[in-house]
Amino acid sequence: MKPAPFSFVAPESLDEVVRTLAEHGDDAQILAGGQSLVPLMNLRLARPEVVVSINRCHELDYIRLVDDRLVIGALVRQIDAETSPLVQAECPLLAKALPHVGLPATRNRGTVCGSLAHCDPLAELPAAALALEAEMVLTSAAGERRVPAHDFFVAEMTTCIEPGEVVSAVTFARQDPSERSAVREVSNGGHVFPVGGVALRWASSDGICTMARIAAFGVGSVAQRLRDAERALVGSDVGPAAIAAAVAAARSEVDPTGDIHADADYRRHLVGVLLERGLLEEERP
Amino acid sequence: MTDEVEVTVTVNGRTRQSRVEPRRLLVDYLRHDLGLTGAHIGCEQGVCGACTVLLDGRTARSCLHFAVTVDGSDIRTVEDLADFDELHPIQEMFHQKHALQCGFCTPGFLLTAVELLERTADPDEAAIREALMNNVCRCTGYANIVDAVAEAAVELRRRSSA
Ligand SMILES: Cc1cc2nc3c(=O)[nH]c(=O)nc-3n(C[C@@H](O)[C@H](O)[C@H](O)COP(=O)(O)OP(=O)(O)OC[C@H]3O[C@@H](n4cnc5c(N)ncnc54)[C@H](O)[C@@H]3O)c2cc1C
Ligand code: FES
Ligand code: FES
């Protein structure tokens, strides 16, 4: 099918974007890489009246360090974040998550912020954002507010973005060079959407785990921090007993549903398997 | 509400200027407005890869872009690969290795292979399969496509060292 008619605006600055959004309110929808919105429009599951493209806002195409945060602007394509030496050095977890997002042709155009705003329950980046304690920068004609990832992702395809707001950037916690991190997922058909996965990072000192951030995707209606699993690890030696405890905690704190790709029990089991593989840094997916 | 918008793009080295409806997909713009029917339409959801073009040098699904969003871009389609009647080495190897049957998927595979071989001169089989795994072919069973890309890599290396 073809998209329903719409009118198109392509502002060249963030100021102009938020003015355009203020003018059109609920009728306007942001277009970033288009790799989720355009399929929905082709299927007429989305029918925005006014499409506001941010593809000309070159001021939003930046990756930079600001104090203890890595900041990624709204026009940064997934492929450019994935290959950025700054991202690889400061947020290796994000660099490890990005190759799992879609396929090269979609990463060439899709944006980091677009994936977060889209909030697909199967998407990798919302989980990476939770594990990296991300903060979304929401800009509107009224100004700017910053929302931590755990408040930003509300439910399936639902975030706390209000009409008139655009995600102008996302900031991530810089990882300590001694931290370890992993992303593990399972998918049915190569590099398409996974059925479930985990994103995690952890630090140890003298063999004792001092910090753990674990998030899961695909095993609930929205990406989820696994705080019980984290608690099972912190203070432990991340040995077999601690890993078993974390796996059990992870399985009991998720609430997956079943679909044609996998049933709920499989997904609950999977989250534990992938957490264990991630912690052991096994090379299997 | 849906007034036509002016779009200027460079397609296969030629500057093209048109007025299009905002909802005009890039693939339809290429096929219907410019008469370049090499990019095919399979799924219109980004999954099959038949509509793949090079957008500013990188593969993109032309079914997932509006012509208006790529205003100012440089686009290459399969029509740009052959040099008059001389096939591009990747095309030549597809021909020699029997890498197509109906040919519907072929433009997408060719441009995906162009991107791969521009980035990696000497990919191993795993790298070739990884690069091609998101293009769908219902005819060949893929083995000959993988062979053709491997041979094309050899040929391109031979030419660049000659
Ligand atoms: C074949 C295929 C496979 C895919 N596989 C995966 C996968 O495995 N994992 C995965 O995570 N994704 C996958 N995707 C989706 C991914 O490619 C998209 O890039 C991503 O979900 C959306 O980013 P985008 O920049 O393309 O956003 P768009 O499609 O432009 O926008 C998506 C939504 O977010 C909103 N939005 C975008 N940017 C902003 C902003 N700055 N502020 C406010 N709202 C905004 C839009 O209004 C829209 O509602 C796949 C897509 C395809 C076509
Ligand atoms: S038609 Fe574009 S990917 Fe299938
Ligand atoms: S040759 Fe027929 S689909 Fe590939």
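How high is the FRET efficiency between A:A89 and B:H95 when r is their beta carbon distance and R₀ equals 56 Å, given to the nearest 0.05?
0.80
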Cα-centred dipole magnitude for the range B:89-161, charges only on beta-carbon of K, R (+1) and D, E (-1), debye, nearest 20 = 140 debye
Of B:L117, B:T106, B:P89, farthest towards positive along the dipole that unit charges on Lys, Arg, Asp, Glu beta carbons give the range B:89-161 = B:T106
Determine the sum of side-chain charges near A:P126: Lys and Arg each +1, Asp and Glu each -1, restricted to other residues whose C-beta is under 12 angstrom from that of A:P126.
-> -2
Rounded, prolate or oblate: which one fits the protein assembly as shown, using the alpha carbon gyration tensor with axes a ≥ b ≥ c (rounded when a/c is under 1.5, else prolate when a/b beats b/c, else oblate)?
-> oblate
For A:E179, solvent-accessible area (1.4 Å; no DNA, RNA or ligand), Å² = 30 Å²
Probe 1.4 Å - accessible area at A:Y62, Å² to nearest ten = 40 Å²
In debye, nearest 20: dipole of the range A:7-53 around its Cα centre with unit charges on the Cβ of K, R (+) and D, E (-)?
-> 300 debye
For the pair B and A, total buried accessible area rounded to nearest 100 Å², probe 1.4 Å | 2600 Å²
Please get the size of the charge dipole for the protein assembly as shown, origin at its Cα centre, with Cβ charges of +1 on Lys and Arg and -1 on Asp and Glu, quoted in debye to the nearest 20.
-> 540 debye
Label-point separation (nm) for B:A126 and B:R16, each offset 7 Å from Cα along Cα-to-Cβ?
-> 4.0 nm
Fluctuation leader among A:G143, A:G34, A:G110 - chain A, Gaussian network, Cα springs under 10 angstrom | A:G143
The range B:125-162 versus the range B:33-87: alpha-carbon centroid distance in Å | 19 Å
Length-normalised contact order of chain A, Cα under 8 Å, at least 6 apart, in percent, tallies to 15 percent
A:F217 - accessible surface, heavy atoms, 1.4 Å probe, Å² rounded to 10 = 0 Å²
Could you check what % of the DSSP bridge pairs in the protein assembly as shown are antiparallel, to the nearest 5?
-> 85 percent
Would you mind telling me the antiparallel percentage of the DSSP bridges in the range A:194-279, rounded to 5?
-> 100 percent
What FRET efficiency would be calculated for the residue pair A:R64, A:S252, taking the C-beta separation as r and a Förster radius of 56 Å, to the nearest 0.05?
-> 0.90
Three-way shape label, the range A:48-100, alpha-carbon gyration tensor, a/c 1.5 = prolate
Put +1 on the Cβ of each Lys and Arg and -1 on the Cβ of each Asp and Glu in chain A; which of A:M136, A:G34, A:F172 then has its Cα farthest toward the positive end of the dipole?
-> A:G34
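The values are calculated or read from the model by the stated rules, or taken from the named source; none is laboratory data. From a predicted model like this one, the values you see are computed outputs, not experimental measurements. Ideal geometry is used to build each Cβ from the backbone, glycine not excepted, and the neighbour counts take in all protein chains shown. All accessible areas refer to the heavy atoms of the entire protein, side chains included, with ligands and DNA or RNA removed. Shrake-Rupley method; radii C 1.70, N 1.55, O 1.52, S 1.80 Å.
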